[in-house]
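> Can you read through this structure? Questions will come right after.
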Amino acid sequence: MNDLRKQLAPLSETSWAEIEEEAKQTLVRLLAARKLVDFEGPLGWDVSAIGLGRIKKLKAPADGVQAHSRRVQPMVEFRVPFQLDLLEMESIGRGAKDADLDAVREAARRIAMTEDQVVFHGYADGQIQGICEVSAEEAVSLSTDYLQYPNAVVNALNKLREAGVAGPYAIALGRQCHAGLTTTTTAGGYPVLEHVQRLLDGPIIWAPAVDGAVVLSLRGGDFELSIGQDLSIGYLSHNDKAVRLYLQESLTFRVLAPEAAVPLVYA
């Protein structure tokens with residue numbers, strides 16, 4: 001894409017391919033929300049907002065005339081700049097398989113965590129409400145006694161079913177929850193994580209941006225992530241030693257059915 005100005009970067013096709021593959025691997029590993037919510041897009045960098053299908057009444061411009069404005073939700077742009085050593089990038093073209101791409105991985109980590117943070121916990125400045133934020137009234141309390149975790153999951157599943165929300169059901173586990181469940185076993189040596197898996201008919205997703213956890217339905221139509229420009233790498237500037245790039249996306253997110261998720265929060 002011309003707006004990314006990639007053709008101006010002093011990088012070979014081989015270097016670009018390596019950079020993009022490194023970013024992709026990190027993003028695929030970290031992006032959790034995309035595995036659980038409806039995905040719309042990419043709609044294009046030029047898309048500034050999505051329509052909400054609703055209107056706001058305006059003051060009449062003339063007698064006998066009714067006026068309304070269409071309500072929209074704006075796209076939010078996220079950009080993470082990073083810098084790479086040009087000699088390291090040239091080494092890729094010479095066949096090096098151990099080029100220093102830590103900056104790429106760190107940029108990908110930052111933007112992936114940001115996207116998931118927005119989806120699960122919201123972003124007020126971007127006019128986005130997150131899943132856990134909107135569904136907070138139905139939250140189930142957690143403790144650090146992970147042997148009790150299956151009871152919390154059952155409680156959450158019961159809330160979903162009582163609200164008429166069909167499955168399949170999945171769970172997104174925050175960093176602390178995932179670590180606790182993967183290291184806890186019952187007195188008989190049975191992994192608690194496997195017990196939780198048997199309660200669900202959907203996946204367990206590692207979601208390090210989540211504070212606590214959230215049980216949610218995968219029936220569809222409840223949560224919508226709209227992407228304008230999907231995650232892309234662009235060029236900023238360079239000198240004789242380094243090249244400055246960035247990782248960028250535009251998005252917005254809507255919770256269409258708050259009852260389709262139950263957060264699990266630490267008391």
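Read-outs: derived from the displayed coordinates by stated rules, not from any lab. For clarity, every value in this text was computed on a predicted model and none was experimentally measured. Cβ atoms come from the backbone with ideal geometry, glycine included; neighbour counts cover every protein chain shown.
> Sort region 85-138 into rounded, prolate or oblate with this rule: let a ≥ b ≥ c be the square roots of the eigenvalues of the Cα gyration tensor; rounded if a/c is under 1.5, and if a/c is not under 1.5, prolate when a/b is larger than b/c, oblate otherwise.
In terms of gyration-tensor shape, prolate.
> Using a Gaussian network model on the chain with a 10 Å cutoff between Cα atoms, which of LEU173, LEU58, LEU30 fluctuates the most?
LEU58
> How large is the translational diffusion coefficient of region 22-156 in µm² per second when you combine the Kirkwood radius over alpha carbon pairs with Stokes-Einstein at 20 °C and 1.002 mPa s?
Working: Rh = 19.6 Å.
Once the numbers are plugged in, D ends up at 109 µm²/s.
> Shifting gears a bit: Quick one: which residues, 5+ away or cross-chain, put their amide H under 5 Å from the amide H of HIS238? H built at 1.01 Å from N.
It is ARG244, by chain and number.
> List the relative contact order of region 90-221 as a percent without decimals, with contacts defined as Cα pairs under 8 Å and 6+ residues apart.
Worked out over region 90-221, it gives 26 percent.
> Additional query: Compute the FRET efficiency between LEU256 and GLU77 as 1/(1 + (r/R0)^6), taking r as their Cβ-Cβ distance and R0 = 25 Å, and round to the nearest 0.05.
0.60
> Another question, if that's okay. From the backbone phi of region 142-154, what are the Karplus-calculated ³J(HN,Hα) couplings (6.51 cos²θ - 1.76 cosθ + 1.60, θ = phi - 60°) in whole Hz, Gly and Pro given as x?
After applying 6.51 cos²θ - 1.76 cosθ + 1.60, I find 10, 10, 8, 8, 6, 5, 8, 4, x, 5, 5, 5, 4 Hz.
> Just the number: Rg to Rh for region 114-239, Cα atoms, Kirkwood Rh, two decimals.
On the way: Rg = 17.1 Å, Rh = 16.2 Å.
My calculation of the ratio gives 1.05.
> Which order results if VAL119, VAL192, VAL255 are arranged by neighbouring Cβ count within 10 Å, fewest first?
On the way: VAL119 28, VAL192 19, VAL255 22.
Final ranking by Cβ density, sparse to dense: VAL192, VAL255, VAL119.
> Spelling out what I want: for every residue of region 31-48, take phi, set θ = phi - 60°, compute 6.51 cos²θ - 1.76 cosθ + 1.60 (Karplus), and round to whole Hz; glycine and proline get x.
5, 9, 4, 5, 7, 10, 10, 5, 10, 10, x, x, 8, x, 5, 7, 6, 9
> Moving on to the next point. Mind ranking 84-90, 94-100, 104-110, 163-169 by how tightly packed they are, going by the mean number of other C-beta atoms within 10 angstrom, highest first?
Most protected by this proxy first, the peptides run 104-110, 84-90, 163-169, 94-100.
> Next question. Tell me, Kirkwood radius of the chain from alpha-carbon pair distances, in Å?
Kirkwood radius, the chain: 20.8 Å.
> Here's something else I'd like to know. What dipole magnitude, in Debye to the nearest 20, does the chain give about its Cα centre under +1 on Lys/Arg Cβ and -1 on Asp/Glu Cβ?
660
> Lysine pairs in the chain 8 or more apart or on different chains: how many have alpha carbons under 18 angstrom apart?
Close lysine pairs under the 18 Å cut-off: 4.
> Roughly how compact is region 209-267, stated as its Cα Rg over 2.2 N^0.38 Å to two decimals?
1.77
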